[in-house]
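S.K.: Before I ask anything, here is the structure I am working with.
No lab work stands behind these numbers, since they all come straight from the coordinates. Just so you know, these numbers come straight off a predicted model, no measurement behind them. Because the Cβ atoms are built from the backbone with ideal geometry, glycine has one as well, and the counts that use them run over all protein chains shown.
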Amino acid sequence: MPRARSGVVARRRRKKVIAQAKGHRAGRHSLFKQANESVMHALQYAYEHRRDRKGDFRRLWIARINAAARLNGLSYSKLMSGLKRAQVEIDRKLLADLAVRDTATFTTLTETAKAALAG
């Protein structure tokens, strides 16, 4: 019985890796060994950065909320504390959206927070 070789399977696997390395520089997009290493690193970075992006957005929302809160005479921490005391359960993503798009509603929320802090 002849020896089975992995010709077709190996070629397909290599072609898939080379296709994933499209856009990489120099031999990283054409030589299998370099392309494979480059693709493995790229996939690892993609995995890590998908998780990092969640924190990045949270930081952006906090910065926007803080800027809008200071225009209404409160700091970010006082605003969040006041909203918690007033039992207003609204997440940072929505608060940041209100701060940018609907300042009137955001102002009423800051007034609610101030009232809860005072009383």
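S.K.: Can you run down the residue pairs with Cβ atoms below 6 Å, 6 or more apart or on separate chains, where the first is in region 34-45 and on the phi < 0 side of the Ramachandran plot and the partner is of a type outside the set (A, V, I, L, M, F, W, C)?
M.R.: Once the first residue is on the phi < 0 side of the Ramachandran plot and sits in region 34-45, its partners that are of a type outside the set (A, V, I, L, M, F, W, C) give Q34/G27; Q34/R28; A35/R28; S38/H24; S38/R28; V39/Q20.
S.K.: Output the residue which, of all residues in region 22-48 that are in contact with a His (Cβ under 8 Å, 6 or more places away or on another chain) and exposed (fewer than 12 other Cβ atoms within 10 Å of the Cβ), is farthest from R11 (Cα to Cα).
M.R.: G23
S.K.: Also: Being assigned to a helix (DSSP H, G or I), within 15 Å of N66 (Cα to Cα), touching a residue at least 40 places away in the same chain (Cβ under 8 Å) and not hydroxyl-bearing (S, T, Y): is that true of K93 here?
M.R.: Spelling it out, it is not the case that K93 is assigned to a helix (DSSP H, G or I), within 15 Å of N66 (Cα to Cα), touching a residue at least 40 places away in the same chain (Cβ under 8 Å) and not hydroxyl-bearing (S, T, Y).
S.K.: While we're here: Taking region 53-90, which residues are surrounded by 14 or more Cβ atoms within 10 Å (Cβ to Cβ), part of a helix (DSSP H, G or I) and polar (S, T, N, Q)?
M.R.: N66, S81, listed by residue number.
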